[in-house]
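First up is the structure itself, then whatever we jot down about it.
Each value in this text was obtained by applying a stated rule to the coordinates, not by laboratory testing. What you are looking at is a predicted structure, and each value in this text was computed from that prediction instead of being measured.
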Amino acid sequence: MSIFCFFFKLLLIKIFVLGIAAPNVSSSSGESILAAAKSQIGVPYSSGGGTIHGKSYGVESGKRIKGFDCAGLAQFAVYNGTGKVISRDVANQYTDRRCSRVPYDQRKLGDLVFFEVATFIHHVGIVASTSTMIHSPHSGGKSVKDNCSLIN
């Protein structure tokens, strides 16, 4: 079990899935988004790291680490899967006009899944299956595929 999912289970009553943003693309583009995300599995987490072009040095704790944070990985995957540029930070990705919100039970490959604590949107992942996502989870971690079936 990954650290992220374990952390999620500990805070299950405080953290919940905020929703899904579908990048307004075909299902083949969703598979392309997922393929771009999968290509970055194993890349280090870097706070503020990542662009549409790939991993980059981040800020603060990530300034010496070339990698992705969760929003950077999502932005990279959407751009490399579709050519569309979405916002760089997680809160703006959730409200980005280039994405449509869909119910969680209608998620498809390549959709973005968002998490919040209270009213703070704090994390995004890329839907890899009905029970998994690709994400860059935390400082010291790496981009991974996690089993998060408990969130549906």
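You can think of it this way: the chain between ASN92 and LYS66 has 7.1 nm of extra reach, that is 0.36 nm per residue less the Cα-Cα gap.
Compared with the direct C-alpha span, the chain from THR51 to SER129 gains 25.7 nm at full extension, assuming 0.36 nm per residue. Computed extension length for ALA118-ALA35: 26.7 nm, one decimal, from 0.36 nm per residue of separation with the Cα-Cα distance subtracted.
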